[in-house]
Structures are given as structure tokens and as C-alpha cells.
1. Quick check on the range 119-135: of everything there that is surrounded by 14 or more Cβ atoms within 10 Å (Cβ to Cβ) and among the polar types (S, T, N, Q), which residue is modelled with the highest pLDDT?
2. Of the conditions (1) closer than 27 Å to residue 57 by Cα; (2) not in a strand (DSSP E or B), residue 143 satisfies every one except a single condition; which number is it?
3. If I go through the range 129-146 residue by residue, how many of them are small (Gly, Ala, Ser), without any contact (Cβ under 8 Å) to a residue 40 or more places away in the chain and under 17 Å from residue 109 (Cβ atoms)?
4. Output the number of residues of the range 66-86 satisfying the condition of being under 17 Å from residue 118 (Cα atoms) and modelled with pLDDT of 95 or more.
5. Taking the range 58-93, which residues are in contact (Cβ under 8 Å) with a residue 24 or more places away in the chain and β-branched (Val, Ile, Thr)?
6. Pick from the range 109-135 the residues that are of a type outside the set (A, V, I, L, M, F, W, C), in contact with a helix residue (DSSP H, G or I) (Cβ under 8 Å, 6 or more places away or on another chain) and in a strand (DSSP E or B): which of them is farthest from residue 71 (Cα to Cα)?
7. Restricting the range 30-65 to residues that are more than 15 Å from the chain's Cα centre (by Cα) and surrounded by fewer than 13 Cβ atoms within 10 Å (Cβ to Cβ), which is modelled with the lowest pLDDT?
8. Quick one: would you say residue 149 is in contact (Cβ under 8 Å) with a residue 40 or more places away in the chain, under 26 Å from residue 61 (Cβ atoms) and part of a strand (DSSP E or B)?
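The values are calculated or read from the model by the stated rules, or taken from the named source; none is laboratory data. Since this is a predicted model, take the numbers as computed values, not measurements. All Cβ positions, even for glycine, are placed from backbone atoms using ideal geometry, and neighbour counts span all protein chains on display.
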Amino acid sequence: MFTFRPLITGVTIVAASVGAAATLATTGTASAGTAVSPRATSFTVRGHHGSETNLDLGKSGFSAGDQDLFTGSLTRNGTHAGSFVGTCTTVRVGKASADQLCTFVLHLAHGQIMASGTTRSGKSGPGAFALPILGGTGHYQTAAGQIAVTATNGNTFPIAVTLR
């Protein structure tokens, strides 16, 4: 049996993409400066790791019940755009894969966007996945859509938000 890396530890996640996989193109409108326009149908922000805590709550070692808690800042075109917080709870660990339930909240200039769902990790981490947007606050209070996530080993990662 191989050792899984927690979703965030060692394998950066949270709505991310490997540096070589280039940020998803912005197809909506976004205001200049630090704010992301609430009228945008899709936009990409870049997450920067902040703090992280791993709680070994199940059996000793990586197991069901363990939690990863994380925070970081967001930028858009190199300018501060907000912050993110999140948590992932390991719900199943098998011989070749593990499943986690993850929740992310993006704090943006015009409100918050919350996304939550499950991810499956293999030997190299979770790879690419999407989490459904459950809602938001402020200009995003009726938000629906998804955030695109791809693991990376870097310190920064893109978060592609698609609103519908």
C-alpha cells in the first residue's frame, strides 16, 4: 500500500491547476484593479498558500476522519483580489485511492462564493476535479456553477470560477 498525501499537504489543491497547465481563460467581464466583477460569467483568480493544519482524527496516519484546514490569499492579474478558506475531511482510504469531502469559500470584493463536493486522490494526489458552487453572499448570493480544481506541487494555483 502506498502513502496518500492529504489533499492540500504536498499537493496543492483548492481549485487549482498545475503551473504548466495554464490558467483557464477568462470569458466574462472583470473590473480593473482588485475587484472581480459580480457580472462575470467566469473568471480565474490565483490562490497563494497561507496557513494549513492537518488533524489526524481517525486511526493513526492518513485515514478516514482526518481533516485538513487551510487559508490563503487570492490575486487576479498580480493584484490582491481576496482570500480563501477551506477544509477537507477524509471519508475513505483504500489501497489505490482515497476520497475527501472538501469545502472552499472564496472571499472576494463583492461577496463570498462557497463550493463543496468530493474528490478522489490517487498516488499522485487528487488530479483534476470540479466542485459545485453551493451559493454565496453579496453580489454572489444567487451563485451557482463550479470551481475547477487541479492539484499542483507549487505555492500558487489558479482557481477557475464558472458562474451560471
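1. Only one residue fits best here, namely 119.
2. Exception for residue 143: condition (1).
3. Residues flagged as small (Gly, Ala, Ser), without any contact (Cβ under 8 Å) to a residue 40 or more places away in the chain and under 17 Å from residue 109 (Cβ atoms) within the range 129-146 amount to 2.
4. The number of residues fulfilling the criteria is 4.
5. Selection gives 75, 79, 89, 90, 91, 93.
6. Only one residue fits best here, namely 111.
7. The extreme case among them is 32.
8. yes
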